[in-house]
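Okay, structure first, notes after.
The values are calculated or read from the model by the stated rules, or taken from the named source; none is laboratory data. If you're wondering where the values come from, they're calculated on a predicted model, not measured in any experiment. Here the Cβ positions follow ideal geometry from the backbone for every residue, glycine too, while neighbour counts run over all protein chains shown.
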Amino acid sequence: MKTKLAVHDIDGKSAGDMNASPEIFAQKANEHAVHTALVWYLAAQRRGTHCAKTRAEVRGGGKKPWRQKGTGRARAGTIRSPLWRKGGVIFPPKPRSYNYSLPKKARKLALKVALSDKMKEARVKVVDELKVPEIKTKHAAKVLKGLKVAGRVLVVMGKDNEAFVKAARNLEGVRLTGFRELNILDLLSADWLVMEKSAVSGLEEVLI
């Protein structure tokens, strides 16, 4: 059985309904799937450029500070020992990638669960087409105001829409993305989800 979504025009008025797949908008809650995908996504975003030097990489310390025996002091082979001030680091962090693979099926499931949660919370607005008369921020703000959405808004577009992107990109709390670039972090962070009608159809093709 299809899930019915109310469709609005850019003024926020009703523009009919559309049928959507229950596999995307009526999934059962699955906290584990969402958490797994979120951890994977955040790990992939880490730059991994951290670096510290070992005792072999710190400059200097080639000469033995004092003779081995007879001074009364502890044995020392280099002034760059990790035990010494300005010495190297034991097992230091080195540049690395934190990315790892997660099955595509698991990633898709997490997106479907997150979309379904937004639908259950009545936080999804479907728009016939996002368009503005001219590229001005006030026109994009008027569209979102007509849809009665506020706070952190994620706008998902179904096709290239350069005019609306330019008009809305300076609005505080508004993030714009295409349906193919939709990710779990943006979905979970958003208070409202605004989707073009074509984006809903596109998600059905990508996620099912």
Could you check the range 125-143 and list, in sequence order, the residues that are part of a loop (DSSP other than H, G, I, E, B) and closer than 18 Å to Val7 by Cα? Asp128, Glu129, Leu130, Lys131, Val132
Members of the range 144-172 found to be of a type in the set (A, V, I, L, M), over 24 Å from Asn19 (Cβ atoms) and not in a loop (DSSP other than H, G, I, E, B), listed by number: Leu144, Val153, Ala163, Val165, Ala167, Ala168
Quick one: how many residues across the range 178-208 are over 24 Å from Lys148 (Cβ atoms) and in contact with a Ser or Thr (Cβ under 7 Å, 6 or more places away or on another chain)? 2
Please indicate, with yes or no, whether at least one residue in the range 66-73 is in the same structural domain as Glu121 (by TED's automatic domain parsing) and of a type in the set (Lys, Arg). no
When every residue in the range 157-206 that is out of contact with any Asp or Glu (no Cβ under 7 Å at 6 or more places or on another chain) and among the β-branched types (Val, Ile, Thr) is compared, the one surrounded by the fewest Cβ atoms within 10 Å (Cβ to Cβ) is Val206
Look through Ala29, Ala56, Ala76, Ala106 and report the one residue that is surrounded by fewer than 18 Cβ atoms within 10 Å (Cβ to Cβ), assigned by TED's automatic domain parsing to the domain that holds Ile184 and in a loop (DSSP other than H, G, I, E, B). Ala29
Among the residues of the range 132-151, which ones are β-branched (Val, Ile, Thr) and either outside the structural domain of Leu176 (by TED's automatic domain parsing) or under 16 Å from Gly12 (Cα atoms) (or both)? Val132, Val143, Val149
If we keep just the residues of the range 1-26 that are among the small types (Gly, Ala, Ser) and free of Cβ contacts under 8 Å to residues at least 24 places away in the same chain, which is surrounded by the fewest Cβ atoms within 10 Å (Cβ to Cβ)? Ser14
